[in-house]
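Shown next, in structure tokens, is the structure this report addresses.
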Amino acid sequence: MQNKVDQYYANLTTGRAWYESFDENSGVVAGYNNASFPQLGNLDNYLTITYYDNYNFKSLSEFGADYDYDASQLSQATCAQGTYQFPAAALDRVKGQVTGAMTKVLDNNIWLGTVSYYDDKYRSMQAISDNYVGGKDIVSNIYNFSGWVLKKKASHITATDTEVTELAFIYNHAGLLIDTWHSINEEDSILLAHNEYNELGETH
């Protein structure tokens, strides 16, 4: 195998390269040009496909408007440091970040897509994914300046129903988690967990 790899890269003729390049108009395999080793043009030969740096891949037939960033998922969250808004738009300067993926389900040969969105500190702000029953899962987060997750919302969407779970997190001045509040389908929140700490920051 090593000899085959060495021979391939020792003879980089037209159509061969050290790496894959994305071309939404003429990509051979899910948008990629299939130039690096091994050259397998049949999508059935792959298990996962990952996209980076931008959201150009959303123009592929496997994706679409269902994967667009949804600013309505959350509004704001308040903590001792202030009130933080869920961004109205996703960051588009995402060079070096994983922005999307496709994963094959082996028992029925279908592909599940995921699109990941980030805030201006490159923290995972929202992920929109296909679920196994043909719907979408949307997970959204609000952070404070220090990067503590203040609120998380998960929406499980199917053809007949939508289940929504929200978690709210309360911290002390040192960033230690005090309370976790939980709600389902916008019903009243209940206290799921309460933590107490000693002077060393250890739970007790």
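Quick grid of which residues meet (1) out of contact with any strand residue (DSSP E or B) (no Cβ under 8 Å at 6 or more places or on another chain); (2) under 20 Å from ARG93 (Cα atoms); (3) among the acidic types (Asp, Glu):
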site	(1), (2), (3)
ASP23	no, yes, yes
GLY27	yes, no, no
ALA30	no, no, no
ASN33	no, no, no
GLY41	no, no, no
THR48	no, no, no
TYR52	no, yes, no
TYR69	no, yes, no
In the stretch 53-67, is there at least one residue being among the acidic types (Asp, Glu) and at pLDDT 95 or above? yes
Name every residue in the stretch 10-51 that is in contact with a Leu (Cβ under 9 Å, 6 or more places away or on another chain) and within 19 Å of GLU62 (Cα to Cα), in order of residue number. GLU24, GLY27, VAL29, ALA30, GLY31, ASN34, TYR46, LEU47, ILE49
Please go through the stretch 138-167 and pick out each residue that is under 23 Å from LYS58 (Cα atoms) and surrounded by fewer than 18 Cβ atoms within 10 Å (Cβ to Cβ). ALA154, HIS156, THR158, ALA159
Can you tell me which condition SER36 does not meet? The list is (1) surrounded by fewer than 16 Cβ atoms within 10 Å (Cβ to Cβ); (2) over 27 Å from ALA127 (Cβ atoms), and all the others hold. (1)
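The values are calculated or read from the model by the stated rules, or taken from the named source; none is laboratory data. On a predicted model such as this, the values are computed, not experimentally measured, just so you know. Cβ sites come from the backbone with ideal geometry, for glycine too, and all protein chains shown count toward neighbours.
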